[in-house]
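To start, the structure under review is shown below, and the notes come after it.
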Amino acid sequence: MKTALIVGSGLGGLTTAIRLSTVGYKVTIVEKQPQAGGRLNQLKKDGFTWDFGPTFFSMSYEFDEFAKTCGIELPFKFYPLDPLYTVNFSGSNRKFVIHKDIEKLAAEFADLEPDFAKRMEEYLKKTGKLFHDTENRIIRKNFDSLLHFAATLATVPMGHAPKMLRSMWSELNKYFTSYEAKVIFSLVAFFLGATPFDTPAVYSMLTYTELVHDGYHNVEGGMYKIVEGLLEVTKQRNIEIVYNIEIVGTQESGNEIVAVTDSAGKQWKADLFVINSDAASFRGKILKRKAFTEKKLDAMKWTLAPFTMYLGVKGKIEGLEVHNYFLGRNFEEYSSKIFKNSISLEKPYYYVNVPSRANAGHAPEGCEALFILCPVPDLRYKPDWSDSEELARYIISDLSERVGFNIEANLQSKTIINPLHWQSMFNLWRGSGLGLAHDINQIGYFRPHNTDEKFKNLFYVGSSTIPGTGLPMAVISSRLTTDQIVKRYGTVR
């Protein structure tokens, strides 16, 4: 029986492990943290429970495909969100409720975009065609060479080509006139760690996945139920997971890795290795590749870093739904300057999740659990986070004012995780929350490959390899990586 060692137990690592066990491999996972899940994790403290990172997901059918391929029942339950989320702009008590139903959505913008329904339907028709013309050709596919990638791109209808050259914001400008509509329907780019001003217009198809194609989903009992369910499957499959193990080196023989070495000097041997750590920084920090030196990694485009807070609050906050965005009135200036730390964070843009609204057990009776995410500059541009408490005060004060509830006076628990923490916990390059950005030069074949350039038995899965960032992308990535392994080594059974 061939053996596989997976470094990291994020969603990509866990789903790859189960896929490999399905085709007969003996799998072991080593994990740096004392708990599985990577960024898809959970924090419990002072009687409160929070999802640590992701709080909803799209493209649920990718989980269904995974379960069917592996011959299992999906080990968690999820349900669709509708409404999806709310949005508030500073200086206004107005709250936009984002419905999937176009007529209800149009009513939210009736005074700003009188013909909103017609414009949105046209926008969704175009973005839907783009999605369906590229999903199986580009997103869910491995590429063996640049020629293969180019040939595949040539099969995509030429009418989509201009979207590679213009920005998501310029695409929205073609359909909507109001500031509010353009900002709201570009949030999917901003809170994935990029801005709509430098994200290619092809990613406008994410609005289609939000509103029409499957939408967003939550998990019964919280997002960490995904990990807990997958861990049950790993137990059934005799997949061993060893915690508190950080891999810091490799042992090589010719064009193969024979072992990886942990921080205590122990060697972990296997027939093949899958890296669920960041695919770009692993090549640089561990393999010392010239194409991934510190200087070259810093020159790449990375997603914004997360500044997160986990608050336990006494009382019920009526001004909040499960998923909420709080924004300013200077979106273009803010998003264009936030990457390089050239704008004040005194009036930050942030997202608030209230897990206790969806799962009562996540907070003591009469209390709320709040998760707050504020995208901030990564450590290249803001290495000093001694002002973390100050930024936390700004956000808590602003949120209190907007929802009419004194959060500070009712705090029962507070945990702050800044980019330095995120970098340390999950080996994220410069604290970048979601790995490499989806720049035109960092997608498809141009993204770090899921097969290593030198070692034939070394593979990668996760956000900085193909196809990209997000939970469904991690599940797709596990399939693409497993396909590469089976193509090279076959099935064991």
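Ranked by the mean number of other Cβ atoms within 10 Å of their residues, highest first, the peptides 99-106, 398-405 fall in the order 398-405, 99-106. Applying 1/(1 + (r/R0)^6) with R0 = 51 Å to the Cβ-Cβ distance of Ser178 and Ala291 gives a FRET efficiency near 0.70. Taking 0.36 nm per residue of sequence separation and removing the Cα-Cα distance, the Phe197/Thr3 pair yields an extension gain of 65.3 nm.
Restricting attention to the chain, close to 70% of DSSP beta bridges with both partner residues there are antiparallel. With a simple spin-label model that places each label point 7 Å from the Cα along the Cα-to-Cβ direction, the separation between Asp144 and Gln35 comes to 4.4 nm.
Ser344 to Lys301: FRET efficiency via 1/(1 + (r/R0)^6), r the Cβ-Cβ distance, R0 22 Å, to the nearest 0.05? Mind showing how you got there, number by number?
Details: r = 23 Å, r/R0 = 1.06.
Efficiency, rounded to the nearest 0.05: 0.40.
For Val258 and Lys337, the FRET efficiency from 1/(1 + (r/R0)^6), where r spans their Cβ atoms and R0 equals 35 Å, is about 0.15. The phi-based Karplus calculation (6.51 cos²θ - 1.76 cosθ + 1.60; θ = phi - 60°) puts the 3J(HN,Hα) values of the stretch 475-489 at 5, 4, 4, 5, 5, 4, 5, 4, 4, 5, 5, 5, 4, 8, 10 Hz, whole numbers, x for Gly and Pro. On full extension, the segment bounded by Ala151 and Ala110 gains 10.3 nm, given 0.36 nm per residue less the C-alpha separation.
Each label point was placed 7 Å from the Cα along the Cα-to-Cβ direction; for Ser90 and Ala409 their separation is 2.3 nm. Remark: the stretch 232-241, residue by residue, has Karplus-estimated 3J(HN,Hα) of 4, 5, 4, 5, 4, 8, 6, 8, 7, 10 Hz, where x stands for each Gly or Pro and the curve is 6.51 cos²θ - 1.76 cosθ + 1.60 at θ = phi - 60°. Computed over Cα pairs, the Kirkwood radius of the stretch 232-304 leads via Stokes-Einstein (1.306 mPa s, 10 °C) to a diffusion coefficient of 111 µm² per second.
In a shell of Cβ-Cβ distance under 11 Å around Ser464, excluding Ser464 itself, what net charge do Lys and Arg (+1) and Asp and Glu (-1) give? Don't skip to the end; give the middle numbers.
Working: positive: Arg283, Arg447; negative: Asp278.
Value of the local net charge: +1.
Determine the dipole magnitude for the chain: charges of +1 sit on the beta-carbon of Lys and Arg, -1 on that of Asp and Glu, nothing else is charged, the reference point is the Cα centre, and the result goes in debye to the nearest 20. Spell out each step's value before the answer.
Values: 58 positive and 55 negative charges, 313 e Å.
It works out to roughly 1500 debye.
Rounded to the nearest whole Hz, the Karplus-based 3J(HN,Hα) values (6.51 cos²θ - 1.76 cosθ + 1.60, θ = phi - 60°) of the stretch 412-421 follow the sequence 10, 7, 8, 10, 10, 10, 9, x, 5, 5, with x at glycine and proline.
Take the Cα of Arg166, step 7 Å toward its Cβ, do the same at Lys45, and the gap between the two points is 4.6 nm.
Of the peptides 229-239, 249-259, 204-214, how do they stack up when ordered by the mean number of other Cβ atoms within 10 Å, highest first? List each step's numbers first, then the result.
Values: 229-239: 16.7, 249-259: 14.4, 204-214: 21.8.
Listed from highest to lowest mean packing, they are 204-214, 229-239, 249-259.
Read-outs throughout are calculated quantities, based only on the coordinates presented, and are distinct from any laboratory measurement. Predicted model only: the values in this text are computed from it and were never measured. All Cβ positions, glycine included, derive from the backbone under ideal geometry; neighbour counts span all protein chains shown.
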